[in-house]
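As structure tokens, the structure follows; a few thoughts come after it.
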Amino acid sequence: MTTPRQVFERLSEGITTGRFDELSRLYAENTVVEHPTAIPVPGRIEGREAVHERFVGGLGATLRLSASDVVVHETTDPEVIVAEYRYTVESSLSGEKTETENIQVLRVRDGLIVHSRDYHDYLRMAAVQGAAAGLIDAYAQVPPREPGPVRPRPAHLADRKSPLGVFQRLCFGVSDQRWSELPGLYADVTDVRHPFLPGAPALKSREDLRTHFALAGEIGIRMQATDLVTYQGTDPEVLIGEFAYEGQLGATPFRVNNIFAMRVRDGEIVESRDYGDHPALAAAAGRLQELVDSVTA
């Protein structure tokens, strides 16, 4: 039986070699592919035929992609893997290149992808195609959204030293604005990165995290974590968590989709890559132009 890892490897190799017309064969007839951080709104594709059209008519016609630095996380669900990797992205039109980070959650059944949640750095991908400036208008045309529902929290959180317990306390600690307490979830020496935020420094210590969370408190952002879905790695230190922040800045409601890939040791985060929808947050805050300028200057 073809494993989820093998299916991902075939997908990655096919994208890198440009065999876009063959890739839909890796997907089930009734597959669902979601793009939670697509711009200006999240995307969803249903069915093998629609996936084929996206590969051939969209991605394959505009970009050349080469994958590297691949890390595949096996999970305790034998159907599910989570893959992190880097793309060298080249515009087919201009020849401009950039590097982007990516993370995918793949569910594979009977050798075919039945569900995929694909998080890509759409801001840098737009920039390399000369399309970043158009994002201001694109977001302006998105209809106003109503504040979304927030799911009730679990009655009892997981053990505070477990990866799940640490992840829950991080998400709900942000919700409760416990900024001064959150650095305690991290090790004295840690490595926290925000791959989708241009220019974001690596946070290498608990003190760095203290400064990071204090700034969030000064900004006065209010948001609630919801829709938590976690994948426990077969490596017991590794947890991947998907969730969304529902919030409001002034009169503007927002939803920011996120996925964190964390390593927790002795109840402390020693490594985390926090992939978030920074364009959506910047648009709600009225700072999208600043974010666009950071990838086009």
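The values are calculated or read from the model by the stated rules, or taken from the named source; none is laboratory data. Values in this document were obtained by computation on a predicted structure and should not be read as measured data. Because the Cβ atoms are built from the backbone with ideal geometry, glycine has one as well, and the counts that use them run over all protein chains shown. With ligands, DNA and RNA removed, areas are computed over all heavy atoms of the protein, side chains included. Shrake-Rupley method; radii C 1.70, N 1.55, O 1.52, S 1.80 Å.
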Next on the checklist: At R0 = 22 Å, how high is the FRET efficiency between Ala133 and Glu46 if r is their beta carbon distance? Nearest 0.05 is fine.
Outcome noted: 0.10
Next on the checklist: Given a 10 angstrom Cα cut-off, can you work out which residue in Ala67, Ala284, Ala138 is the most mobile in a GNM of the chain?
Outcome noted: Ala138
Checklist entry - What are the trypsin sites (Lys or Arg not before Pro) within region 239-297 that DSSP puts in a loop, where the Cβ has at most 15 other Cβ atoms within 10 Å? => result Arg287
Item to check | Coarse-grained scattering of the chain at q = 0.12, 0.13 Å⁻¹, given as base-10 log I(q)/I(0) from a Debye sum over alpha-carbon atoms | outcome: -0.82, -0.98
Next on the checklist: Out of the GluC sites (Glu not before Pro) in region 234-271, which ones are loop residues according to DSSP with at most 15 other C-beta atoms within 10 Å?
Outcome noted: Glu237
Checklist entry - Using the heavy atoms of the protein chains alone and a 1.4 angstrom probe, what is the accessible area of the chain per residue in square angstrom? => result 48 Å²
Checklist entry - Taking the Cα centre of each part, how many Å lie between region 209-247 and region 253-292? => result 8 Å
Checklist entry - Residues with amide H under 5 Å of His194's amide H, sequence separation 5 or more or different chain, H placed in the peptide plane at 1.01 Å from N; which? => result Asp274
Next on the checklist: I'd like the Karplus ³J(HN,Hα) series for region 170-182: coefficients 6.51, -1.76, 1.60, θ = phi - 60°, whole numbers in Hz, and an x wherever there's a Gly or Pro.
Outcome noted: 5, 4, 6, x, 5, 4, 8, 6, 8, 4, 6, 8, 4
Checklist entry - By how many nm would the segment from Ala285 to Asp188 lengthen if fully extended, with 0.36 nm per residue of separation less the alpha-carbon distance? => result 31.7 nm
Checklist entry - Where does each of 140-149, 117-126 land if you order them by average Cβ count within 10 Å, highest first? => result 117-126, 140-149
Checklist entry - Can you give me the pair-distance distribution of region 1-109, C-alpha pairs, 5 Å bins, whole percents? => result 2, 11, 19, 25, 25, 12, 4, 1, 0
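Name the GluC sites (Glu not before Pro) in region 89-153 that are in a loop by DSSP and that have at most 16 other C-beta atoms within 10 Å, would you? Display every interim value, and only then the final one.
Values: sites: Glu90, Glu96, Glu99, Glu101; in loops: Glu96.
Those that pass, being in a loop and sparsely packed, are Glu96.
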Item to check | Normalised per residue, the volume of the convex hull around the Cα set of region 144-233 (Å³) | outcome: 143 Å³
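For region 67-194, just say rounded, prolate or oblate: build the C-alpha gyration tensor, square-root its eigenvalues into a ≥ b ≥ c, call rounded for a/c under 1.5, and beyond that prolate if a/b exceeds b/c, oblate if not.
Numbers: a/c = 1.72, a/b = 1.37, b/c = 1.25.
Since a/c reaches 1.5 and a/b is larger than b/c, the shape of region 67-194 is classed as prolate.
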Checklist entry - Debye sum, Cα scatterers, region 135-175, no solvent: what log₁₀ I/I(0) at q = 0.15, 0.33 1/Å? => result -0.58, -1.12
Checklist entry - Per residue, how much space in cubic angstrom lies within the convex hull of the C-alpha atoms of region 101-154? => result 175 Å³
Checklist entry - Using θ = phi - 60° and the Karplus curve 6.51 cos²θ - 1.76 cosθ + 1.60, what whole-Hz ³J(HN,Hα) does each residue of region 111-127 get, with Gly and Pro shown as x? => result x, 10, 6, 9, 7, 9, 10, 10, 10, 10, 8, 5, 5, 5, 5, 5, 4
Checklist entry - If we sort 203-213, 163-173 on the protection proxy, mean other Cβ atoms within 10 Å, highest first, what's the order? => result 163-173, 203-213
Checklist entry - Using modelled backbone amide H atoms (1.01 Å from N, in-plane), which distant-in-sequence or interchain residues come within less than 5 Å of Gln224's amide H? => result Glu246, Gly247
Checklist entry - Picking from Asn257, Asn30, Asn102, which is most flexible by a Gaussian network model of the chain using Cα springs under 10 Å? => result Asn30
Next on the checklist: Mean-square fluctuation check for the chain, GNM, Cα pairs under 10 Å: which of Leu26, Leu157, Leu197 is largest?
Outcome noted: Leu157
Checklist entry - Which ³J(HN,Hα) values in Hz, rounded to whole numbers, follow from the phi angles of region 51-67 under the Karplus curve 6.51 cos²θ - 1.76 cosθ + 1.60, where θ = phi - 60° and Gly and Pro get x? => result 4, 4, 5, 5, 5, 7, x, x, 4, x, 8, 10, 9, 10, 10, 10, 8
Next on the checklist: What's the magnitude of the charge dipole for the chain around its Cα centre, counting Lys and Arg as +1 and Asp and Glu as -1 at the beta-carbon? Answer in Debye, nearest 20.
Outcome noted: 360 debye
